[in-house]
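Chemist: I am attaching a structure below and will ask some questions about it afterwards.
The values are calculated or read from the model by the stated rules, or taken from the named source; none is laboratory data. Everything numeric here is computed off the predicted structure, so don't read it as measured data. Neighbour counts run over all protein chains shown; Cβ positions are idealised from the backbone, glycine included.
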Amino acid sequence: MRVFAVAVALSVAVAAPMSAMAQSTTAIGQEGRTCHDRPARPEWIENIDVREAHKGVLVQTMYRAQGMQTVAETGECTCDNRFPSWDAAQEQYFENYSAMERWEILDRNRNYLRAANDSMKVARPICEQQGNW
């Protein structure tokens, strides 16, 4: 039992300095079974301070919603549709949301998450049929 406690303490000590986004790499699905050459997350999101992580999560949710919406609208689940450039999501974030308070960003994130999930109901069957899910 004592060895286990030491191992847990050591793993926490090693993991603590990691950036907030690096700890949540698979939360939005950066690694996947398809589209292995998808655009990497912007560096500022990867290295964001844990106290600002909600900002990076919003951009990732916006990005996911954008990809799902494009697939749903076009009926094409190409890698470019599902995983576009991060430019549009970043631009929209910096123009509209970057100055908001944390609670406002969390509220916007819920809205984008809802939109992404709604679009995914249409996009997922398309992608599964095309072998790209």
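Chemist: Do any residues in the stretch 61-87 that are under 9 Å from SER119 (Cβ atoms) have Cβ atoms under 9 Å from those of residues that are buried (at least 18 other Cβ atoms within 10 Å of the Cβ) and of a type in the set (Lys, Arg), where the two are at least six apart or on different chains, and which pairs are they?
Modeler: GLY67/ARG82; MET68/ARG82; THR70/ARG82; VAL71/ARG82
Chemist: Give me the residue from the stretch 42-96 that is surrounded by 18 or more Cβ atoms within 10 Å (Cβ to Cβ) and of a type in the set (Lys, Arg) and, out of that set, nearest to TRP133 (Cα to Cα).
Modeler: ARG82
Chemist: I've got another one for you. It is to be established whether one or more residues within the stretch 103-115 are among the polar types (S, T, N, Q) and closer than 24 Å to GLY131 by Cα. Quick ask: steps written out before the conclusion?
Modeler: To start, the set of residues in the stretch 103-115 that are among the polar types (S, T, N, Q) comprises 109, 111.
Of the ones still in play, those that are also closer than 24 Å to GLY131 by Cα are none.
Checking the stretch 103-115: not a single residue is among the polar types (S, T, N, Q) and closer than 24 Å to GLY131 by Cα.
Chemist: Something else about it: How many residues are out of contact with any Phe, Trp or Tyr (no Cβ under 9 Å at 6 or more places or on another chain) and free of Cβ contacts under 8 Å to residues at least 40 places away in the same chain when one looks only at the stretch 98-116?
Modeler: Final tally of qualifying residues: 8.
Chemist: Has the stretch 76-98 got at least one residue that is of a type in the set (A, V, I, L, M), within 21 Å of ARG33 (Cβ to Cβ) and at pLDDT 95 or above? First the steps, then the outcome.
Modeler: In the first step, residues of the stretch 76-98 are kept if they are of a type in the set (A, V, I, L, M); the result is 88-89.
Imposing the further condition that a residue be within 21 Å of ARG33 (Cβ to Cβ) reduces the set to none.
No, that holds for no residue.
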